[in-house]
Amino acid sequence: MKVKLHGSGESVELADASFAAPFNEPLVHQVVVAYLAGARAGTKAQKNRAEVSGGNSKPWRQKGTGRARHGSTRSPIWVGGGRAFAARPRNFSQKVNRKMYRGALRSILSELVRQDRLVLTDTFAVSAPKTKEFVAKLADFGVTKGLVVVEGFDMNLWLAARNVPNVGVVDASSVDPVSLVAAERVVMTVPAARILEGRTA
């Protein structure tokens, strides 16, 4: 399929398999959920009655006090006691095989093209790590919120973009489905598109 280059009348031929695939919503949803789940720390932990300190002796004798019987002050019903069903560190990651991941990327890239949210350009770079220059370039593309996908890591570009809200910069080899789905518009260089064609083949 042909996609127009921004700022010129020329078009670039992109692979139909990567940029004209049908949208598979259940697959995209599954991959996005799995990606977000894998980012969870899973480090929540609480102490049960065996792990809290104290409570070795019976707080009062079994009978004759008029109070309810208790064997330990570390019981879950006591203030300062252990948790009844204590949380444990866990792994939230979900298995997503390579075929599913590539299929989801194809669906997302194709939908970006169909919704006219993909802006293609020959190059995207700044001469110095200046936020003002980066914002001016984004304005040329008509983008205020979105994602810039380039073919390789550019320190100047990354430094210029890090203080700009709602805009991210990523290289094509490490772009992920969540960033693409969340972006209002995606500015992508032609070499980056070629790399993504290889990643989704």
Among Ala160, Ala50, Ala125, the residue with the largest mean-square fluctuation in a Gaussian network model of the chain built from Cα contacts under 10 Å is Ala50
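Within the stretch 128-172, report the trypsin sites (Lys or Arg not before Pro) that DSSP leaves as loop and that have at most 16 other Cβ atoms within 10 Å.
Numbers: sites: Lys130, Lys132, Lys137, Lys145, Arg162; in loops: Lys130, Lys145, Arg162.
In loop regions of the stretch 128-172 (DSSP not H, G, I, E or B), the sparsely surrounded trypsin sites (Lys or Arg not before Pro) are Lys130, Lys145, Arg162.
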Find how many whole Å separate the alpha carbon centroid of the stretch 136-176 from the alpha carbon centroid of the stretch 1-78.
-> 29
The ratio Rg/Rh over the Cα atoms of the chain, Rh being the Kirkwood inverse mean 1/r radius, stands at 1.31
Which ordering of Trp60, Trp78 is given by a fewest-first count of other beta-carbon atoms within 10 Å?
-> Trp60, Trp78
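Which of rounded, prolate, oblate describes the stretch 114-158, given a ≥ b ≥ c as roots of the alpha-carbon gyration tensor eigenvalues and a/c under 1.5 marking rounded, otherwise prolate only if a/b is larger than b/c?
On the way: a/c = 2.25, a/b = 1.45, b/c = 1.55.
Oblate is the answer for the stretch 114-158, as a/c is 1.5 or above yet b/c matches or exceeds a/b.
Determine the calculated [θ] at 222 nm for the chain from helices alone, applying -39500 (n - 2.57) to every DSSP H run no shorter than 4 residues and normalising by the residue count; nearest 500 deg cm²/dmol.
Details: 7 runs with 68 residues, N = 201.
The helix contribution divided over the chain gives -10000 deg cm²/dmol.
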In the stretch 1-64, GluC sites (Glu not before Pro) in a DSSP loop with at most 16 other beta-carbon atoms within 10 Å | Glu10, Glu51
Build a GNM of the chain with springs between Cα atoms under 10 Å: which of Gln115, Gln30, Gln94 gets the top mean-square fluctuation?
-> Gln115
Once label points are set 7 Å from the Cα along Cα→Cβ at both Val190 and Asn163, what is their separation, rounded to one decimal in nm?
-> 3.4
Would you look at the GNM of the chain, springs on alpha carbons closer than 10 Å, and say which of Arg102, Arg185, Arg74 moves the most?
-> Arg74
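No lab work stands behind these numbers, since they all come straight from the coordinates. This one's a predicted model, so the numbers in the text were calculated from it and none came from an experiment. Note that each Cβ is placed from the backbone with ideal geometry, even for glycine, and that neighbours are counted across all protein chains shown.
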